[in-house]
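The values are calculated or read from the model by the stated rules, or taken from the named source; none is laboratory data. Keep in mind that what you see is a predicted model, and the values were worked out from it rather than measured. Here Cβ is always computed from backbone atoms with ideal geometry, including for glycine, and neighbour counts include all displayed protein chains.
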Amino acid sequence: MLAPRLLPALLLTAALLGPASAAPLMDQRYGPDAAQIADVYLPETPAPGGAPVLVVVHGGSWKNGDKAAPEVVQNKLAYWLPQGYVIVSVNTRLMPQARPEAQAEDLGRALAWIGQRARTWGADPDRLIVMGHSSGGHLLALLAADEPMRQRTGARPWLASVVLDGAGFDLLDVMPRPHAPFYDEAFGADPAQWAAASPAAQLRGQQPPTLFVCSTLRPDPCRRSQRYADLLKAHGGQAELVGIARNHAQINADVGADNDETRAIHTFIEAQLRR
């Protein structure tokens, strides 16, 4: 009998996957913990020369969320599978089991696993795009910034990052100011702990080109995204920012629908694939 938690994902998959898609590979283990799993969605016909891989990292305040939630994958599957992309939606361990730094290490292990498995899916491990929403954007930014973490986890360099209304880029700036209570749950009260989990404090080495998509409906998301984009550029990296008049949840759920956000992301990704 199917576990109840699998039913929504399977129903969604059945509704979405049509002629452009092959059967998905659900709950694939990339690590020893039961939470270290990913879903792999395969196109019926991979793009010539090896399919690009779009890796999706859900948000949820470092303590909630799931790889198979409709707002995480629905529109992205409908948009990128017909273009021949492989899409991998990743779960990491969550709080209280794992602190944000450990979650970022999980993402690194997932990317290492994807790199090892990509060719068996008809994909090219050198054409890897990683997209993270909210706290998932923080994990993506932290892994990109923390060169020793990438080396520990075996994560190969990826082609580009897309950060959707990301959070916590500079925790030494965020934590002393008014902030949501879940930041205290995630990062505690010790500035040394803030620095360890802060992409801005850990920034080392070459960074992937990054597109920041931020909500213009609140002042902080675009301000913080712009500051971190400027920091990446000061370190010799490439960073772009697009402000979208959608709320925090819509910034993620609407990716892949017919809108300016999707077009901006598509243009950015295609430019990186042509490099």
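A few comments on the model shown:
- First in region 213-232 and farther than 16 Å from HIS179 by Cβ, second anywhere and of a type in the set (Lys, Arg), Cβ under 7 Å, 6 or more apart: SER215/ARG246
- Of the residues making up region 236-272, those that are among the hydrophobic types (A, V, I, L, M, F, W, C) and over 20 Å from ALA78 (Cα atoms) are ALA239, LEU241, VAL242, ILE244, ALA245, ALA271.
- Of everything listed in (1) surrounded by 14 or more Cβ atoms within 10 Å (Cβ to Cβ); (2) among the hydrophobic types (A, V, I, L, M, F, W, C); (3) modelled with pLDDT of 75 or more; (4) outside any strand (DSSP E or B), the single unmet condition for LEU12 is (3).
- For region 52-68, a residue qualifies if it is surrounded by fewer than 19 Cβ atoms within 10 Å (Cβ to Cβ) and not polar (S, T, N, Q), and the qualifying residues are GLY60, LYS63, ASP66.
- Residues that are over 23 Å from the mean Cα position of the chain (by Cα) and part of a helix (DSSP H, G or I) within region 182-194 comprise PRO191, ALA192, listed in sequence order.
- Of residues in region 227-242 being under 18 Å from the mean Cα position of the chain (by Cα) and farther than 13 Å from PRO209 by Cβ, the one surrounded by the fewest Cβ atoms within 10 Å (Cβ to Cβ): VAL242
- Here PRO32 fulfils each of the conditions (1) in contact (Cβ under 8 Å) with a residue 12 or more places away in the chain; (2) not in a strand (DSSP E or B) apart from (1).
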